[in-house]
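The values are calculated or read from the model by the stated rules, or taken from the named source; none is laboratory data. This structure is a prediction, so every number in the text was calculated from the model and none was measured. Cβ placement follows ideal geometry from the backbone for every residue including glycine, while neighbour counts extend to all protein chains displayed. With ligands, DNA and RNA removed, areas are computed over all heavy atoms of the protein, side chains included. Shrake-Rupley method; radii C 1.70, N 1.55, O 1.52, S 1.80 Å.
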Amino acid sequence: MTGAYELYCPGTPVGTVVLNDAVTSATLSPPAPTSGQSFSLTGYQTVVNIPASLAGAAAALQPNLTGSATAQIDATGATPAKTPEGPLNFNVAIPSPVPTDGVTLMLPTPASTVSGFTATSNAITIQEDASASLTLMVSGAPLALTCTAYPNDTITPSGITTSTPSAQPIAPVIAVAGGGSPTTTPTAATTTTKAPAGGGTTAPSAKPVTSPSGSLAFTGIGPGIGVLTVFGGALILLGFALLVLVDAPRRALAQFASLSLTRWRRAGEQDSRRFASLVPGNSRQLLRSGLRMAKETADWLLGR
């Protein structure tokens, strides 16, 4: 009932993709369910046109356009309020040459029936959710597109673009009953973060955090500061006492050891000098005795 709308798919490996003239259709069965009555959505199908530029690029790599899509049906005046759809698989042969109008993609093929709805009001509105996902298989690798619905021709032409939609996203109306609304209203805008000109990111503004003063922490003198002061002073005095008790004996032992070593060293030096003084005298006496005996021995030999 909304008619044609636009799918805006940013952040793909080939850039931002725009698909105009998308249409989602279905009918209610029964056409006017009353509150408490079960009903189904028949002939549910979305038709998307793949522009010739994208279809031609895919045809250069493979003969068929294959992949899958996931979507969601939103219900007002009925339950469940949200019904996921998919993955809806497709496999479409790409004509050669590729038509200038592109290649038509119908999801699902054939059109399906979505059952399990229960009316909670006589006024029922069935919508296609603003967000959908499309995955194209290119040379065996998935090309993921996360798409959002906007009013048709918000950006033209279809294909790869660098523009950003100026309108708000929409949830296209598929079918209505009773007093349901056939008019599509923009969905709530999502908050985006824009990069500043100099690079980096700018965080979205946030409200300041407030808290009552009773729950905040304050610094200053508390009721236990006096006890802590006395306890700290006692620990300091205990530390000085331990230092004196431990260090004084250690110093005394070090001085005693140094004094004993000095005395032993001096005694050794005196003994050395005494021995040195004795050695020359004894040596001279032995030398004289040796010379005398040699002289007597020579005289004895000559006298003979």
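The coefficient of translational diffusion for the stretch 71-156, derived via Stokes-Einstein from the alpha carbon Kirkwood radius under 20 °C and 1.002 mPa s, stands at 136 µm²/s. With K and R counted +1 and D and E -1, the other residues having a Cβ less than 12 Å from that of residue 158 yield a net charge of -4. Within the shell defined by Cβ-Cβ distances under 12 Å, the residues around residue 72 carry a net charge of -3, with Lys and Arg each +1 and Asp and Glu each -1.
Largest first, the residues 34, 109, 100 sort by 1.4 Å accessible area into 100, 109, 34.
Here the calculated FRET efficiency for residue 66 and residue 40, from their Cβ-Cβ distance with R0 = 45 Å, stands at 0.95, rounded to the nearest 0.05. Between residue 96 and residue 141, the simple spin-label model (points 7 angstrom out along Cα→Cβ) gives 2.3 nm. Scattering from the stretch 8-50 was approximated by placing one identical point on each alpha carbon and applying the Debye formula without solvent; log10 I(q)/I(0) at 0.15, 0.21, 0.23 1/Å stands at -0.58, -0.74, -0.80.
Taking Cβ atoms as reference points and 14 Å as the exclusive limit, the residues near residue 82 contribute a net charge of -4, counting Lys and Arg as +1 and Asp and Glu as -1.
Here is the size of the stretch 68-113 from its Cα atoms: Rg then Dmax, 14.9, 47 Å. How many angstrom lie between the C-alpha centres of the stretch 84-152 and the stretch 1-31? Result: 7 Å between the Cα centres.
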